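Take a look at the structure below.
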Amino acid sequence: MKIKLIKYTPEPERAVAMSARLCYSAAGAEELEQSMSEAQIDKLIKKLSNMGHLSTFEHVSFTFAIEGISRVLTHQLVRHRIASYSQQSQRYVAEHGFEYIVPPSIAVKPEAKAKYDTLMNQVQQIYDELLGLGVHQEDARYVLANATETKIVVTMNARSLLHFFEKRCCQRAQWEIRNLANAMLREVQAVAPRLFTKAGPACVALGYCPEGEMSCGRLAGISANK
C-alpha cells in the first residue's frame with residue numbers, strides 16, 4: 001500500500017479559522033485572513049472542534065494518490081459520499097500480469113497462500129485467453145478477482161475526513177481500509193495538526209464507542225490512562 005498526500009488547500013487551518021470568524025465580523029475575508037494571529041487561529045479551531053461546529057472545515061480539502069490496494073477496499077471507500085474519486089479503469093487498462101493483494105490471514109498460512117496464488121494465476125490465464133479470443137477488456141474484466149490491485153485518487157474535505165477516520169480507524173473496520181485510514185490520518189496531521197488533533201476512531205474523536213456490545217474494548221484503556 002502506498003499513500004501520498006499530493007495536494008491540499010494552502011494554509012488550511014488559517015482558511016478554516018478565517019471562514020468561521022467571517023460569520024461574526026464586519027471585516028472581509030481577505031482582511032481577516034491577513035490579520036488573524038496564530039494564537040487566534042489555534043483558539044478558534046479548538047473552540048470549533050470542541051463544539052462540533054465543523055461546517056467551516058468543509059472549506060479545505062486534501063487530495064491523496066493511493067496505490068497497492070484492492071478492489072475490496074475501494075468498494076468500501078466509495079461509500080463515503082462527500083468525496084471525489086478517480087480510479088484506474090479496468091475497461092481501458094489491460095490487466096496482463098495484474099498484481100493482487102494478499103490478506104494477512106492467508107499470507108501467514110503456507111497452504112492457504114499456495115491455493116490463493118494458484119487461483120490468482122488461473123484468473124490471469126483465463127483473462128488473457130478471453131482477450132485472445134477477441135473478448136473486449138470491458139467484458140474480460142468480469143473474471144478478475146476483488147483482490148486485483150488498483151490505484152485511485154481521492155479528494156475529501158476536512159469534515160468528511162474526520163467522519164472517515166471515525167469509521168475506518170476503528171479496530172472493527174476491515175483491516176485493509178483501516179490501514180489506509182491510519183496512513184491518511186498521519187498524512188493530514190503532518191500538514192494540519194490543529195484540524196485533526198482529535199481525529200481517529202470514535203472512541204478517540206468522540207469519547208465514546210458507538211459499537212455497544214461489539215466494542216473492541218479500546219475505550220476502557222483510553223479512560224484508564226486519563
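Points to keep in mind about this one:
- Flag for residue 124 being open to solvent by 40 Å² or more (accessible area, probe 1.4 Å), touching a Phe, Trp or Tyr at 6+ places or on another chain (Cβ under 8 Å) and either acidic (Asp, Glu) or more than 20 Å from residue 73 (Cα to Cα) (or both): no
- For residue 69, the conditions (1) farther than 28 Å from residue 174 by Cβ; (2) of a type in the set (A, V, I, L, M, F, W, C); (3) open to solvent by less than 40 Å² (accessible area, probe 1.4 Å) are fulfilled apart from (1).
- Selection over region 210-226 of residues that are open to solvent by 60 Å² or more (accessible area, probe 1.4 Å) and closer than 30 Å to residue 41 by Cβ gives a count of 2.
- Close contacts from region 158-185, counting a first residue that is within 19 Å of residue 5 (Cα to Cα) and a second that is assigned to a loop (DSSP other than H, G, I, E, B) and not hydrophobic (A, V, I, L, M, F, W, C), with Cβ to Cβ under 7 Å and a gap of 6+ residues or different chains, come to 160/80; 164/80; 165/200; 169/200; 169/201; 185/200.
- Filter pass, residue 58 being open to solvent by 20 Å² or more (accessible area, probe 1.4 Å) and more than 14 Å from the chain's Cα centre (by Cα): yes
- Selection from region 185-206 of residues that are at pLDDT below 90 and charged (D, E, K, R): 198
- Near pairs, Cβ below 9 angstrom, 6+ apart or cross-chain, from region 85-104 (closer than 18 Å to residue 126 by Cα and free of Cβ contacts under 8 Å to residues at least 40 places away in the same chain) to any residue that is of a type in the set (A, V, I, L, M, F, W, C) and open to solvent by less than 70 Å² (accessible area, probe 1.4 Å): 96/131
- Close contacts from region 200-214, counting a first residue that is under 19 Å from residue 186 (Cβ atoms) and of a type outside the set (Ser, Thr, Tyr) and a second that is surrounded by fewer than 19 Cβ atoms within 10 Å (Cβ to Cβ) and modelled with pLDDT of 85 or more, with Cβ to Cβ under 6 Å and a gap of 6+ residues or different chains, come to 202/210; 205/198.
- Options 102, 108: the member that is of a type in the set (Val, Ile, Thr) and open to solvent by 90 Å² or more (accessible area, probe 1.4 Å): 108
- Total residues in region 117-140 satisfying the condition of being in contact (Cβ under 8 Å) with a residue 12 or more places away in the chain and touching a Lys or Arg at 6+ places or on another chain (Cβ under 9 Å): the figure is 3.
- Candidates are the residues of region 127-148 that are open to solvent by less than 30 Å² (accessible area, probe 1.4 Å) and of a type outside the set (Ser, Thr, Tyr); the one that is farthest from the chain's Cα centre (by Cα) is 140.
- The set of residues in region 176-209 being crowded, with 17+ Cβ neighbours inside 10 Å and outside any helix (DSSP H, G or I) consists of 192, 194, 195, 196, 199, 200, 201, 209.
- Restricted to region 72-82, and to residues there that are in contact with a helix residue (DSSP H, G or I) (Cβ under 6 Å, 6 or more places away or on another chain) and open to solvent by less than 50 Å² (accessible area, probe 1.4 Å), the residue that is farthest from residue 6 (Cα to Cα) is 76.
The values are calculated or read from the model by the stated rules, or taken from the named source; none is laboratory data. These numbers were taken from a predicted model, which means no experiment stands behind them. Note: ideal-geometry Cβ built from the backbone for every residue, glycine included; neighbour counts use all protein chains shown. To get the accessible areas, we keep the full protein, side chains included, count just its heavy atoms, and leave off ligands, DNA and RNA. Shrake-Rupley method; radii C 1.70, N 1.55, O 1.52, S 1.80 Å.
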